[in-house]
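**Student:** Questions regarding the structure given below will be posed in turn.
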Amino acid sequence: MTVSRDVDLPGGYAHLLKELKKTVRGARTKALRTVNIQLIELYWTIGRGVLKEQRDQGWGSGVIRRLSEDLRAEFPDMKGLSARNIQYMTTFAGAWHNSPIAQQPVAQLPWGHITVLLDKLTEQESRVSYAAAAVEHGWSRNVLLNMIMNRTLERTGTAPSNFTQQLVAQDSELAQQIAKDPYNSSSWASPALLPREPLNWPSPAASPKPCVSWDRDSRSLAGKFTSTSTEMTTSSTCCSSTWTKTGLTALAVALRWARIGRGAL
């Protein structure tokens, strides 16, 4: 059904549309952030379990390979369960051994950022500092890598602000990478794998399928260290999945929001 662009719009329409766009973007960013934190918590929990068995039972690489095979057989659609990635999870849990991990800056970063921290830094204090700085300034993975290789924080002596006041800005490169993270986009939290609990959600007929397209400038700031401006044109496609009245949990709802126009926040 095509709606005429010449229809007479009521007063206040433009203002409401602007506010709704802002609300949708904010909700989608929050949903993506929630999904990412849940994934990082999951990886940390897997790593902590393997680390304990390594210490208590002397688990070696052969056992980790078998664990990878068994997990992948159980969850064939889930990315990130290779033996190499499980070893990263173990290193991650050993480096950030204090819980809860969700309340630490590193949990706001995509998994690719975390592997950079583990690979390129050996001092845990430096890892924590760069993780917090990446969240504060919205660094992409490449910017984070460049900052580490240039030893920017060490040379400037600049410390990140208090993390409790920081959230990933929805227009930052970091937020864009969270949206496109292949680990987040896998079906690791598919509703089919979650417990079926009744929720009072609207029926499919009552739930419109939004389709949004817009152009905008995306300005990513790396604090006083870098300042880049990129012109970005993005478009989103309508979400084709159907809402059900049962079987959805809060995480599944978050994933649904995250999939609405994945390419553009």
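**Student:** For the stretch 62-86, which residues satisfy the criterion of being touching a residue at least 24 places away in the same chain (Cβ under 8 Å) and exposed (fewer than 12 other Cβ atoms within 10 Å of the Cβ)?
**Tutor:** Correct list: D77 only.
**Student:** Let me ask something else. Return the total of residues in the stretch 69-115 being assigned to a loop (DSSP other than H, G, I, E, B) and among the hydroxyl-bearing types (S, T, Y).
**Tutor:** Here the count works out to 2.
**Student:** Hey, another quick one. For R48, are the conditions met, namely being surrounded by fewer than 17 Cβ atoms within 10 Å (Cβ to Cβ), out of contact with any Asp or Glu (no Cβ under 8 Å at 6 or more places or on another chain) and outside any loop (DSSP other than H, G, I, E, B)? Even if it seems obvious, please write down each step before you answer.
**Tutor:** Numbers: surrounded by fewer than 17 Cβ atoms within 10 Å (Cβ to Cβ): no; out of contact with any Asp or Glu (no Cβ under 8 Å at 6 or more places or on another chain): yes; outside any loop (DSSP other than H, G, I, E, B): yes.
Criteria not met by R48.
Read-outs: derived from the displayed coordinates by stated rules, not from any lab. Because the structure is predicted, anything quoted here is derived from the model rather than measured. A quick note on method: Cβ atoms are made from the backbone with ideal geometry, for glycine too, and the neighbour counts reach across all protein chains shown.
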